[in-house]
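The values are calculated or read from the model by the stated rules, or taken from the named source; none is laboratory data. This is a predicted model, so every value here is computed, not measured. Here the Cβ positions follow ideal geometry from the backbone for every residue, glycine too, while neighbour counts run over all protein chains shown.
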Amino acid sequence: MTKENPRTSSHFQINEPLVFEQGAPGRHAFDLPELDVPAIPVTEILSPVLLRGDVAGMPELGEVDVVRHFTRLSTWNYHIDLGLYPLGSCTMKYNPKINELVARLEGFSTAHPYMPAELSQGALEVQKMLETALAEISGMDAVTLQPAAGAHGELTGILMIRAYHESKGRPRRTVLVPDSAHGTNPASVTISGYEVQNIPSTTHGTVDIARLREIVNDDVAAIMVTNPNTLGIFESDIAEVCEIMHAKGALVYMDGANLNAMMGITRPGDFGIDVLHINLHKTFTTPHGGGGPGSGPVAVKKILEPFLPTPVIALKNGGGYLFDFDRPQSIGKMKAFNGQFGMHVRALCYILANGPDGLKEVSETAVLNANYIRTKLTDAYELPYDSPTLHEVVFSDKLQAQFGVHVGDIGKRLMDYGFHPPTVSFPLIVSGAIMIEPTETESRQELDAFVLAMLSIAKEAEANPELVKSAPHTTRINRVNEAAAARKPVLRWTRE
Amino acid sequence: MRYLPSSEADRKGMLEAIGIESVEQLFAGIPESLRLRRPLDIPHGLTEPELIRFFRGAAGRNATDFTSFLGAGVYRHHIPVVIDALISRSEFYTAYTPYQAEIAQGTLQAIFEFQTYITQLTGLDVANASLYDGSTGLGEAILMAHRITKRNKVLIARSVHPEYRAVVATYARTLGIEIQLIAFTESGRMDAAAIGKAMDETIAAVVVQSPNFFGTIEENAEIASIAHKHGALSIVNVCEAMSLGILKPPQDADIVVGEGQSLGIPMNFGGPHLGFLATRETFVRQMPGRLVGMGEDQQGRRAFVLTLSTREQHIRREKATSNICTNQSLCALMCAIYLATMGPKGLRQIAEQNIQKTHYAVQQIRARTKHSILFSGPRFNEFVILLKEDYASRAPRFMRSHIIPGLHIARFYPELGNSLLVCVTETTSRDQIDALIKGLE
Amino acid sequence: MNPEGLLYSKDHEWIGITGDTGTVGITLHAQEALGDVVYIELPGVGDKFEARKSFGSVESVKAVSELLMPMTGEVIEVNLTIKDKPESLNSDPYGKGWLIRIRIANPAETAALLSAQAYENYIASEA
């Protein structure tokens, strides 16, 4: 680790010390009101054997120290307000500022989840409205807002499927997962006690229906599909997939990550899906926050409604909402309290800002933008599947790989053009995959700039591959030696 | 629609470039039988002033003028204004997961600092970049103990938060992990002897919460020693992370897991909050969740990067330590800013006020009311009152005075009958405590 | 390239046989495909595995690979130094990068393994 004099260059290049390397004894950033009860020393209230000294290693900082430290850190982040994130499968769209305002309203932010229901009607209304809207958008019958993120929603959905099968006599043994699936899918299957059974894709990138017919039997509990799939292709046989599964008494789970492609156009419930999760931090633009928090509501058909997590929000006789805990077939609780309420407020605000016309336009524009990019890049990058795509498109690095330039390098070189890389190396069925999803909130100018950058890099890969392979050149740091970081992990600061 | 930046002319140009006449053609691959040919039945779009009015109205139907003595896993503490100012920077809140280290050093360094703070508070070697919350964190900790010991049974103190135990039951059931509850004693504390009786070589872990659901501080040293003698792990769950600012961190625990909401995060009607998990170095590869490591770039500059990713779902898939992908990153940042703002002395001072005000409330209840305080064990900022009469007869009076005197816990512990779990923090004024006492007289 | 005196499996492991014991490692091709190795998980002495079953795993930054037994056997020795220096797997896969030594249960299983030349042909055909 190098210790440098931090002020030999502009703030962008400063090696900002860790917060633990800053501050000085006696500095403080917060004044607590004076104690208004008798000041009995804590050592007379609690035995000293229960107490610790001051937490070792925590720095003492003034308010200006704190503000400058984190402000400087923030300047090193790419973010949506700076430019496009062409990340396939992530739906990194603009986060409206009004969502932030309404989420911070005092009645919401200071609400305790154990307040009596009659004092929490505002929060319960917000949740009920969101549930209703999500059910309508997805074409389903009931919604739980309890899961904290998409993966958590997947676990919730599969546990409900399990409870359903158990109510019919036996849980069954396996869940079918396409080889193109997001990694959370098989991970969720394992944690719910089922075995993963991989199902291959056809050369068109869709679920192999013939193969599906062969392997579905009454040992299969469910299939997990993503539609459109992770290649951006709409599984036009989806209704048939659902029929095949239902004929054997199995259920269909849909990963709702790609809902942005279809709002107001088609609905999972209408093509036979029994349960799906929705990523509020994708389609419904709750902010990504550097990795979270998200929210993963789960929508179900009537047959799974009895198994929803406890409690559900119910309407009282005479009006008003309450939490109903009397749910004998529920799978139980997935998380304490009521889910990521702060994200529910934001998502509802987004839905209400758009209305039915707005949401349809969102999906239409998302699909238009992605196809525009597809058209513009189709000569420079290899398109492994030529089926029509919706809101995202997957290229591969095949044409560039012949010059030794791989997908990771292309992504890194994009940083020099002022963009965040697209999703790389996913889905696994495409070697050297580059997955691009611009979303609807990008203007033509931003899309054109991205296209120009990608075309330029394609040329560089041929004419000057070293430039691409050693990128990025203009960021705060360049490539991290990840192997060294993983061999001897340093996961916290310690005083030397 | 104002979030869609392209004009009609832009769209027309793009359609031409693609070679089609209308966007409708892009959806040709969707069978007609699956097309929705009616507008979605949701409220029509509202303008900004209408949205503000609507949400103000809804927020106004959530009471904000009640004095609340609610705790039970969600705590009201002062939240320094700098936190919101800093996390409202779009560089932080609109940033993606920091997979591309070169353009995410802000998030990565801040989370590295968060990880470090958690190790300092808990006294353990390594902490992850956050989990959803304390309850799912406890679920993950138990799965972790199951992976490490390859055993299928867990002992859990009944004084662990009931909702946490409910979540654990959901996680454990399908993996065939058996939960055995151990009763708490009259003092409110766990009895190491009772745990010793139930302990054997089939137990993966023993779980205790400190301060527990009743606010009582547990002694973990002997419990951990019993666990270790039998090759089991000691897991301590912490719902009130503020307590770590002054109380000795759980002694000899292998995993300390819990809820960081007390450290700078609003109550938000139950979420988003902040799960943390800390453990010994030897278990690092069994940890769920993301980890930020420190390393160097090609020029030898210090750099932070997500590391040990082979534990996670995007690489290990069905063999991952957890299915978690999105975590509570922004909340972890809020916690790091909170701890940076408070410093060790500020944190201690706040924790002290919690203890002192709680002590005052307990003394006043004993001196001036006929109700009794259950559980004699040492406490941090919560305690249980056993009411001399039916809670239902008291409740209307408190509602009229705009006081929520605490949580009626019969729903979780029916044998405790007319008991209220009361929480007093540094934000509770003496006047408010006195008003509570008056209401109890 | 690939040493003559060893036998190779289609799972890209090698085995060097002396009497009824064998030394096992991964091939040059395998470590190239993995990239920089950061972590190795190995079994304990006394563990028994059948041919083609997993006896451990090797990790690079972005990938995990199972280690598959070239032949059925019991582990009699484990390379302890390699856990601290996983780089040896990349720099010296046939020497310092050895992983385990086994007592071979069924010598006839060598029939399923490839000579150095056959292995080289196999890699070429897979490309």
Conditions (1) more than 8 Å from chain A (Cβ to nearest Cβ); (2) assigned to a loop (DSSP other than H, G, I, E, B): number failed by residue B:338
(2)
Considering only residues that are out of contact with any His (no Cβ under 8 Å at 6 or more places or on another chain), farther than 30 Å from residue B:212 by Cα and of a type in the set (D, E, K, R), which ones fall in the range B:85-115?
B:89, B:102
Assuming residue B:365 fulfils every condition listed in (1) surrounded by fewer than 18 Cβ atoms within 10 Å (Cβ to Cβ); (2) over 30 Å from residue B:122 (Cα atoms) apart from one, which condition is it?
(1)
Complete set of residues in the range A:361-408 that are buried (at least 24 other Cβ atoms within 10 Å of the Cβ), out of contact with any strand residue (DSSP E or B) (no Cβ under 8 Å at 6 or more places or on another chain) and closer than 18 Å to residue A:468 by Cα
A:400, A:405
If you check A:147, A:171, which single one turns out to be surrounded by fewer than 24 Cβ atoms within 10 Å (Cβ to Cβ) and either modelled with pLDDT under 95 or more than 7 Å from chain B (Cβ to nearest Cβ) (or both)?
A:171
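Being in a helix (DSSP H, G or I) and of a type in the set (A, V, I, L, M, F, W, C) is the requirement here; does residue B:373 meet it?
Details: in a helix (DSSP H, G or I): no; of a type in the set (A, V, I, L, M, F, W, C): yes.
In short, no.
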With (1) under 15 Å from the mean Cα position of the chain (by Cα); (2) at the interface with another protein chain (Cβ under 7 Å from one of its Cβ atoms) as the list, and residue A:286 as the residue in question, which single condition is left unmet?
(2)
Within the range A:224-262, the count of residues that are closer than 30 Å to residue A:440 by Cα and not in a helix (DSSP H, G or I) comes to 19
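Listed residues A:110, A:156, A:91; which is under 25 Å from residue A:337 (Cβ atoms), out of contact with any Cys (no Cβ under 6 Å at 6 or more places or on another chain) and more than 7 Å from every other protein chain (Cβ to nearest Cβ)?
Values: A:110 fails: more than 7 Å from every other protein chain (Cβ to nearest Cβ); A:91 fails: under 25 Å from residue A:337 (Cβ atoms).
Only one candidate passes the filter, namely A:156.
Please verify whether the range A:388-409 includes one or more residues that are within 14 Å of residue A:436 (Cβ to Cβ), more than 12 Å from chain B (Cβ to nearest Cβ) and part of a helix (DSSP H, G or I). Lay out the reasoning, then the answer.
First pass over the range A:388-409, keeping only residues within 14 Å of residue A:436 (Cβ to Cβ): A:389-397, A:407.
Going one step further and asking which of them are more than 12 Å from chain B (Cβ to nearest Cβ), we end up with A:392, A:394-397, A:407.
Within this subset, residues satisfying the condition of being part of a helix (DSSP H, G or I) are A:407.
For the range A:388-409, residues within 14 Å of residue A:436 (Cβ to Cβ), more than 12 Å from chain B (Cβ to nearest Cβ) and part of a helix (DSSP H, G or I): present.
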Test of understanding: among B:21, B:16, which residue is outside any helix (DSSP H, G or I) and free of Cβ contacts under 8 Å to residues at least 24 places away in the same chain?
B:21
Where residues in the range B:58-71 are out of contact with any helix residue (DSSP H, G or I) (no Cβ under 8 Å at 6 or more places or on another chain) and not charged (D, E, K, R), which of them is surrounded by the fewest Cβ atoms within 10 Å (Cβ to Cβ)?
B:70
Among (1) part of a loop (DSSP other than H, G, I, E, B); (2) surrounded by fewer than 18 Cβ atoms within 10 Å (Cβ to Cβ); (3) under 15 Å from the mean Cα position of the chain (by Cα), residue C:32 falls short only on (1)
Restricting to the range A:100-139, count the residues that are touching a Pro at 6+ places or on another chain (Cβ under 7 Å) and either surrounded by 23 or more Cβ atoms within 10 Å (Cβ to Cβ) or free of Cβ contacts under 8 Å to residues at least 12 places away in the same chain (or both).
3
Is one or more of the residues making up the range B:414-432 at positive phi and either touching a strand residue (DSSP E or B) at 6+ places or on another chain (Cβ under 6 Å) or surrounded by fewer than 18 Cβ atoms within 10 Å (Cβ to Cβ) (or both)?
yes
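Is at least one residue of the range B:307-319 hydroxyl-bearing (Ser, Thr, Tyr), facing chain A (nearest Cβ under 7 Å), part of a helix (DSSP H, G or I) and under 21 Å from residue A:489 (Cα atoms)? Talk me through it step by step, then tell me what you get.
So in the range B:307-319, the residues hydroxyl-bearing (Ser, Thr, Tyr) come out as B:307, B:309-310.
Next, only the ones that are facing chain A (nearest Cβ under 7 Å) stay: B:307.
When the remaining residues are screened for being part of a helix (DSSP H, G or I), the result is none.
Within the range B:307-319 (the criterion being hydroxyl-bearing (Ser, Thr, Tyr), facing chain A (nearest Cβ under 7 Å), part of a helix (DSSP H, G or I) and under 21 Å from residue A:489 (Cα atoms)), the answer is no, since none of the residues qualifies.
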Among residues belonging to the range C:12-22 that are over 8 Å from the mean Cα position of the chain (by Cα) and surrounded by 17 or more Cβ atoms within 10 Å (Cβ to Cβ), point out the one that is farthest from residue C:71 (Cα to Cα).
C:17
Could you give me the residue pairs with C-beta distances under 6 Å whose first residue belongs to the range B:165-187 and is more than 7 Å from chain A (Cβ to nearest Cβ), whose second residue is among the charged types (D, E, K, R) wherever it lies, and which are 6+ apart or on separate chains?
B:178/B:153; B:181/B:158; B:183/B:158; B:184/B:158; B:185/B:191
Within the range B:24-48, how many residues turn out to be under 24 Å from residue B:6 (Cβ atoms), facing another protein chain (nearest Cβ under 7 Å) and part of a helix (DSSP H, G or I)?
3
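Of all residues in the range B:277-306, which are part of a loop (DSSP other than H, G, I, E, B), within 8 Å of chain A (Cβ to nearest Cβ) and aliphatic (A, V, I, L, M)?
Restricting attention to the range B:277-306, the residues satisfying the condition of being part of a loop (DSSP other than H, G, I, E, B) are B:280, B:287-291, B:298-301.
Then keep just the ones that are within 8 Å of chain A (Cβ to nearest Cβ); that gives B:290-291, B:298-301.
Across the range B:277-306, the qualifying residue is only B:291.
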Just checking, which of A:165, A:204, A:182 is more than 10 Å from chain B (Cβ to nearest Cβ), touching an Asp or Glu at 6+ places or on another chain (Cβ under 9 Å) and touching a residue at least 24 places away in the same chain (Cβ under 8 Å)?
A:204
Considering only residues that are under 30 Å from residue A:186 (Cβ atoms), modelled with pLDDT of 95 or more and among the hydroxyl-bearing types (Ser, Thr, Tyr), which ones fall in the range B:318-366?
B:329
Would you tally the residues in the range C:39-61 being within 14 Å of another protein chain (Cβ to nearest Cβ) and crowded, with 18+ Cβ neighbours inside 10 Å?
8
